[in-house]
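Asks: This is the structure I have questions about; it appears just below.
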Amino acid sequence: MSLKKIIHMMNERGEGDIEVNDSLKRSVRESLGTQKKSWHKTVPFGALAGAMVVMAFFISIDSSISPQDDWVFDQEEDTDDMMYGALGSTGGAGSAGLGSMMDAFSNFAAPEAVRTSFDAEESIGFAVGGANDIQTFRDNIAEGYLPNPSALTYEGLFYEYFFDTGKQEECSELFCASYVQTASEDPISGEVDHYLSVGLNSGITEADFERLPLNLIVVMDISGSMGSSFSDYYYDQAVLDTWEKDAVDEYYENVIKSKMEVANEAVVDLMGHLNDDDRFGVVLYDDDAYLAKPMKLVSSTDMDSVADHVMEIVDSGGTNMEAGMSMASQMFDDLSGFELEGYENRIIFVTDAMPNAGDTSEDGLLGMVEGNAEKSVYTSFIGVGVDFQTDLIESITKVRGANYYAVHTPVDFRERMDEQFDFMVTPLVFDLSLSFDSENISIAQVYGSPDADRATGELMYVNTLFPSASAGGEVRGGVVLLKLDGAQIGEDIDLTVSYENRYGEEFIQTDSVTIVDGGSDSSGVAKAVLLARYADLLLNWLIDTNQEVSVPAVTADDGIAIPSQWLLGEWEQTSTTLTVSDDYKELFGIFEEYMKDQISVLADEELNQEIDLLQTLQQAAGVSYGDDGLDGDDWLY
Amino acid sequence: MKIDQKRAAFEAHYDELFDLVYKFVAYRIPNRVDAEDVVANTVEKAYRKIRQFDPARGELRQWISGIARNEVTAHWRSSRPVVSLDQLGPIEDLSPPMDGRISDEIMVEHLMENLPAEAKALLTMRYVDDLTYREIARCIHKRPAAVRKWFSRMHKRLQIQLNKVYES
C-alpha cells in the first residue's frame with residue numbers, strides 16, 4: 001500500500017471520528033434562513049422609522065461583506081461619457097513578494113529532494129506561444145466550410161498532442177533542449193527526409209510551479225457579429241436578408257448559442273481561475289471602447305455580481321478592436337510600478353476578430369500588442385465562432401508573450417482552462433535560438449513554432465515558451481521539428497541554444513548530434529514528423545483550393561511539398577463550401593493508410609481524430625480545378 | 001436546474017452537507033474554534049453562491065468540498081503562524097504494535113495515534129488536498145525549503161516505519 005493511500009485512509013478514519021457540533025449546525029441553518037429573506041426581497045422604503053430599521057439591517061449585513069460590485073457599464077445608457085473617463089482606479093496596493101517566485105523561475109538547480117522524493121512530481125515541459133489548437137480549422141471542416149489556411153498552424157496542431165521529448169538526462173535548469181534525429185520516407189514519393197526534433201524540457205516540477213499574481217484585463221468584443229450563431233458565418237447575413245421573415249425566425253430558433261453567449265461563459269470561466277491577490281478589470285468594445293469594470297484586487301471585488309453582469313452582456317455596433325486594446329493598454333499604463341512588478345500582466349482579448357471600424361490594419365493592433373509586450377504586458381486571444389478570423393490573430397500572436405486559443409464549446413473551453421490557465425498567463429523563456437555549425441546541413445522548414453518564418457539556413461528562433469503539462473514523461477506540444485536539407489549520414493552537427501529568462505538573463509547550452517540512417521526509438525520525433533506531413537498536405541490542399549491551382553502541389557515525384565506562403569485576406573469573411581478535388585481525395589486516402597500504420601506504432605489513440613478528419617474530407621463534395629463550381633475570391637473588402 | 005431548485009436541493013441535504021464540511025474542516029484545522037468559524041463561513045458562502053453550482057460538473061457534495069478546501073486554505077494564509085515545523089518532528093515511537101501480520105486498518109490507526117494533529121493536517125494538505133509545497137508554505141507562513149525539508153524527513157520516517165510493519 002502506498003504512502004499516499006495510507007494517508008488517505010488516515011484522513012477518512014480521522015474525519016469519521018470527528019463529532020459534529022449540532023448546536024453550530026442549527027445556528028448556521030437559522031442564519032441561512034435569515035439571509036435568504038434579505039437577499040431576495042426588495043428593500044422597502046417608507047416611513048422614516050421603517051427606513052432607519054432597514055438601514056440598520058443593511059449596515060450590519062454590509063459590514064460583513066467587503067467585496068464590492070464595481071461594474072460600471074450599462075448597455076442601456078448612452079456610452080459616450082463612459083469612454084476613457086473612468087480610468088485610473090486600480091484599488092489595492094498589492095502585496096505579492098518576488099522572492100519565492102524568483103527562486104522557482106530563474107535558472108536554478110532543482111533541489112535533489114524535489115526530483116527524487118515522489119514519482120508524481122515529474123517535471124513539466126515547455127510549449128511555444130502562438131496558436132494553442134487548430135479548433136477553428138476542425139470546426140469549419142465539421143460544419144462543411146472550407147477553412148482559412150491560417151486556421152491550421154503547426155504549433156496549434158502540435159499543442160493538441162503529447163510528445164516524448166527525447167530527454168536523456170534530468171533537467172536541472174529552467175530550460176533544457178534535447179535532440180533526436182531521424183530519417184523517414186515520404187509516404188507519397190518514397191523519398192527519405194531527414195528531421196531533427198528539439199525537445200522543450202524544464203527543470204520545474206508540477207509541485208514547484210505556481211504562477212505569479214496576475215494583473216488581468218479582459219477585453220470583450222460586443223460587436224454585432226458576436227450576436228450570430230457560434231456555428232455560422234456572420235457575414236452570410238446577406239443571404240438571410242433575402243429570406244421570408246418566417247424562415248429567418250425559424251432559422252434563429254434553431255440556433256443553439258450566439259458567440260456572445262459563448263464568450264460570456266468563457267469569461268466567467270476565466271474569472272474562476274483568479275486568486276484573491278490577482279487584479280481584474282473588464283473593457284468592452286464595439287465601435288468604441290467602454291470601461292465595464294475598473295482593475296481591482298479580486299479580494300475586494302464581488303466576483304459573483306461581476307459574473308452576473310458579464311452573463312448579461314449583449315452584442316451591438318461595429319468592431320473596433322483598436323479602441324478596446326487602446327483602453328486596456330491605458331489601464332496598464334496607469335498602474336504604478338509597484339503594482340506591475342512581481343505580477344504577470346496580461347490582456348485577454350475575447351473576440352471573433354473581424355474588425356471593421358477604427359484602424360483595421362494588422363499593423364495598428366500589432367503595434368499596440370508589441371508596445372505592451374515591451375513593457376511585459378502580454379496578450380492572449382480567445383477566438384469565438386467558426387468564422388474566427390485566424391489570419392489576423394495568427395499574425396499578431398507571433399509577438400513576444402502572445403498566444404491564442406479557440407473556444408470549441410463552453411464545456412471544452414472550461415476543461416482546457418482547468419489544465420492550462422496558469423500556463424497560459426506565465427511565459428517563462430524568451431528569445432530561444434538554436435544555431436547549427438555544419439558545412440552541408442541547413443534548415444528547410446521549422447514545424448511547431450509561430451516564428452518559423454524567422455528561421456534562416458542555420459538558425460531556428462522561438463519567441464516565447466510557456467510551461468506545458470506533462471504526462472507519463474511526455475509533454476503537451478513539447479517539441480519543435482526541423483526538416484533538414486543536405487543531411488549526410490555520419491555527419492556531426494554542433495548545436496548551440498541560447499535563451500533569456502523572464503528577467504532578461506541569457507543562458508547558453510551546447511550539444512552535438514550525429515546524422516543517422518533510419519528511424520529513431522523516440523516516439524516524439526516520429527509523431528512530430530507524422531503531424532508535420534499531415535499539416536503540410538492539408539495546407540497544400542487549402543492553398544491550392546483557395547488559389548484555384550489546377551495541379552496539386554503534392555505529387556508522386558515531389559512528395560508532400562513544403563506549402564508556399566499565402567496572402568492574408570481582409571478580416572470580414574463569408575463562408576466557402578467545403579470542396580475537395582479528386583486529386584486530393586486520392587492523396588488523403590494514401591495518407592490515411594500511412595497515418596493508420598503510424599498510429600499503431602505510436603499507440604496514441606488521440607490521433608484517430610485525424611483519421612476521422614481525413615475521411616470527412618474524402619467524403620466532401622468533389623470539384624475539379626478550373627470548374628465553375630469552385631468558389632472564387634471570398635474576401636469582401 | 002433553476003436557482004430555486006438548486007436552493008431547494010441544498011436545503012434538503014443541509015444536514016449531510018454540513019456534516020461533510022464540518023469533518024473536512026475540523027480534520028484540517030486542529031483548533032476547534034477556528035475550525036467552526038471556517039465551517040460556518042463555508043456553509044454560508046456555499047448557500048449564497050448556490051447560483052454557481054453546476055449539476056453537470058458534479059454533485060453538491062463535490063462542489064461544497066471545493067469551497068471548503070478554499071476556505072481552509074484562506075484560513076491558513078490569513079491566520080498567524082501556529083505550526084512550528086521543528087516541534088513537529090521527530091515522530092514518536094512508531095515501532096510495530098504487534099508481531100506478525102498487521103491489517104491496514106490497525107496500521108493506519110497506529111500511525112494516527114503517534115502523529116500530532118498539526119502533522120496530520122500537513123500530510124492531509126499534501127497528500128489528500130494535493131497542495132504544493134509552496135502553497136503549504138504560504139499557508140503556514142514558512143519558507144518552501146523548510147516545508148520540503150520537513151516532508152522529506154517525514155516521508156523517509158513513515159516509509160521506514162511502514163517497511164518495518166510490512167516486513168514484520
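Every number in this text was worked out from the coordinates using simple rules, so none of it is lab data. Every value quoted in this text rests on a predicted model; they were computed, and no experiment measured them. Methodologically, a virtual Cβ is constructed for each residue, glycine included, from the backbone with ideal geometry; neighbour enumeration extends over all protein chains shown.
Asks: Under the rule of at least 5 residues apart or a separate chain, name every residue whose amide H is placed under 5 Å from the amide H of A:LEU484.
Replies: Amide H neighbours of A:LEU484, under 5 Å, 5+ apart: A:HIS194, A:TYR195, A:LEU196, A:ALA444.
Asks: Can you give me the long-range amide H partners of A:VAL219? Hydrogens built in the peptide plane at 1.01 Å from N, cutoff under 5 Å, separation of 5 or more residues or another chain.
Replies: Residues meeting the criterion, in which the H sits 1.01 Å from N, are A:VAL283, A:ILE348, A:PHE349, A:VAL350.
Asks: Going by C-beta contacts inside 10 Å, put A:ARG138, A:ARG400 in order with the fewest on the left.
Replies: A:ARG400, A:ARG138
Asks: Among A:ILE489, A:ILE313, A:ILE560, which comes first, then next, by fewest other beta-carbon atoms within 10 Å?
Replies: A:ILE489, A:ILE313, A:ILE560
Asks: Right, another one. Can you give me the relative contact order of the range A:132-202 as a percent, contacts being Cα pairs under 8 Å and 6 or more apart?
Replies: So the answer I get is 27 percent.
Asks: Mind listing the phi-derived Karplus ³J(HN,Hα) values for the range A:203-217, rounded to whole Hz, using 6.51, -1.76 and 1.60 with θ = phi - 60°, and x for any glycine or proline?
Replies: x, 8, 8, 3, 5, 6, 6, 8, 6, 5, x, 10, 9, 10, 10
Asks: Grab the beta carbon distance between A:GLU606 and B:ALA117, set R0 = 41 Å, and tell me the FRET efficiency rounded to 0.05.
Replies: Approximately 0.35, to the nearest 0.05.
Asks: So what J values fall out for the range A:499-513 if you push phi through Karplus, 6.51 cos²θ - 1.76 cosθ + 1.60 with θ = phi - 60°, rounded to Hz, Gly and Pro as x?
Replies: 7, 10, 8, 5, 9, x, 7, 9, 10, 10, 10, 10, 7, 9, 9
Asks: List the extent of the Cα atoms of the range B:3-78 along each of their three principal axes, largest first, rounded to whole Å.
Replies: Principal axes ranked by extent give 35, 22, 18 Å for the Cα atoms.
Asks: Return the subset of A:LYS398/A:LYS596; A:LYS257/B:LYS2; A:LYS483/A:LYS527; B:LYS120/B:LYS142 for which the Cα-Cα distance in this structure is over 22 Å, preserving the input order.
Replies: From A:LYS398/A:LYS596; A:LYS257/B:LYS2; A:LYS483/A:LYS527; B:LYS120/B:LYS142, over 22 Å: A:LYS398/A:LYS596.
Asks: Now, a different point. For the range B:125-131, what does the Karplus curve 6.51 cos²θ - 1.76 cosθ + 1.60, with θ = phi - 60°, yield as ³J(HN,Hα) per residue in whole Hz, taken in order and with x for Gly and Pro?
Replies: Using θ = phi - 60°, the values come out as 4, 6, 9, 9, 8, 6, 6 Hz.
Asks: If you don't mind, there's one more thing I want to ask. Could you work out the relative contact order of the range A:527-623, using alpha carbon pairs under 8 angstrom and six or more residues apart, expressed as a whole percent?
Replies: 29
Asks: Mind jotting down a quarter of the surface of the convex hull over the alpha carbons of the range A:527-623, in square nanometres, one decimal?
Replies: Across all orientations, the range A:527-623 yields a mean hull projection of 7.0 nm².
Asks: Something else: Would you please give the residues with an amide H less than 5 Å from that of A:SER581, counting only those at least 5 places away or on a separate chain, with H modeled from the backbone geometry?
Replies: For A:SER581, the qualifying residues are A:VAL623.
Asks: Right, next: Under 8 Å for C-alpha pairs, at least 6 residues apart: give me the relative contact order for the range A:431-568, rounded to a whole percent.
Replies: 21
Asks: Fewest Cβ neighbours within 10 Å first, please rank A:SER438, A:SER498 accordingly.
Replies: Going from sparsest to densest Cβ surroundings: A:SER498, A:SER438.
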